[in-house]
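Read the structure below first, then the notes.
Every read-out reported here was derived from the displayed coordinates using simple, explicitly stated rules and does not represent laboratory data. From a predicted model like this one, the values you see are computed outputs, not experimental measurements. All Cβ positions, even for glycine, are placed from backbone atoms using ideal geometry, and neighbour counts span all protein chains on display.
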Amino acid sequence: MKLTWIYELPIGRGKPVDAGWANWIIGGWKFSGVHQYISGFPVSVSQSGVTATLGGDAPRPDVTGAAQTLGGAPSDTDFFNGTPYLSSAGFAQSRRTANGTPIRLGTAPRYLNIRGPHGASEDFRISKYFPIWEEMRIEIGASFINAFKRVGRGFTSTNVTSPVFGQLLSTGGGRTIELLGRIEW
């Protein structure tokens with residue numbers, strides 16, 4: 001879901017509230033925001049050591065009878081060491097020849113019936129125009145990208161042969177503040 005909004009204060013010349021000389025300071029401020037909330041993306045697993053593909057499709061591992069996840073997305077992710085999310089016991093490499101060519105496509109579907117962790121971000125902006133002459137004005141403002149500093153989570157690797165298979169680590173998410181200044185004429 002993505003929500004975008006813009007609100008301009010109703011203060012200023014030609015607006016519902018005319019504050020006279022104070023319009024220059026408190027009038028014309030605009031506030032806007034973009035809120036984005038996404039469910040996790042479908043997860044696909046792969047295997048390494050394969051030197052060929054079958055029909056243009058990347059070889060996938062076999063699915064074993066064991067559970068493929070470890071109980072859902074953890075609420076606290078260890079961003080330095082990784083937090084286990086997928087179970088390596090749920091997958092095994094498909095059979096291959098001695099030179100690494102797959103004998104068959106693995107039994108894992110292209111996308112598992114598992115979704116990765118969700119994501120959320122909120123961006124805000126505040127800005128104001130100051131009139132200089134009839135057709136010239138200055139805009140100042142600031143943008144707050146990922147204002148609440150929500151850290152994304154993502155997989156380090158979905159390759160069943162990787163020692164960090166199915167672990168979640170940070171995929172960024174730092175807060176960024178950008179200052180704005182421009183002249184229009």
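Here are some notes:
- Rg/Rg_globular for segment 2-184, with Rg_globular taken as 2.2 N^0.38 Å and Rg from C-alpha atoms: 1.63
- Here the 3J(HN,Hα) profile of segment 15-27, calculated from phi with Karplus coefficients 6.51, -1.76 and 1.60 at θ = phi - 60°, is 10, x, 10, 9, 9, x, 5, 6, 4, 5, 9, 9, x Hz, Gly and Pro shown as x.
- Ranked by how many other Cβ atoms sit within 10 Å of their own Cβ, fewest first, the residues LYS149, LYS30, LYS128 fall in the order LYS149, LYS30, LYS128.
- The local environment of ILE6, defined by Cβ-Cβ distances under 12 Å, has a net charge of +1 under the rule Lys, Arg +1 and Asp, Glu -1.
- Of all lysines in the structure, the ones whose alpha carbon falls short of 17 Å from that of LYS30, not counting any fewer than 8 places away in one chain, are LYS15, LYS128.
- Hz values of 3J(HN,Hα) by residue in segment 138-147 - Karplus curve (6.51, -1.76, 1.60), Gly and Pro given as x: 10, 10, 10, x, 8, 10, 10, 8, 6, 4
- For SER46, distant residues with modelled amide H under 5 Å away: ASN159, VAL160
- Amide hydrogen neighbours beyond the local backbone of ARG153, cut-off 5 Å, H modeled: THR171
- DSSP beta bridges in the chain [antiparallel fraction, %, rounded to 5]: 95 percent
- Top of PHE130, PHE91, PHE165 by mean-square fluctuation, Gaussian network on the chain, Cα under 10 Å: PHE130
- Label zone at TRP133 (point 7 Å along Cα-to-Cβ), backbone N below 16 Å, segment 5-28: none
- In plain terms, the residue of ASP123, ASP18 with the fewest other Cβ atoms within 10 Å comes first and the most crowded comes last, giving ASP18, ASP123.
- Label-reachable residues, segment 109-143, where backbone N falls under 15 Å from a point 7 Å from ARG13's Cα toward its Cβ: 129-138
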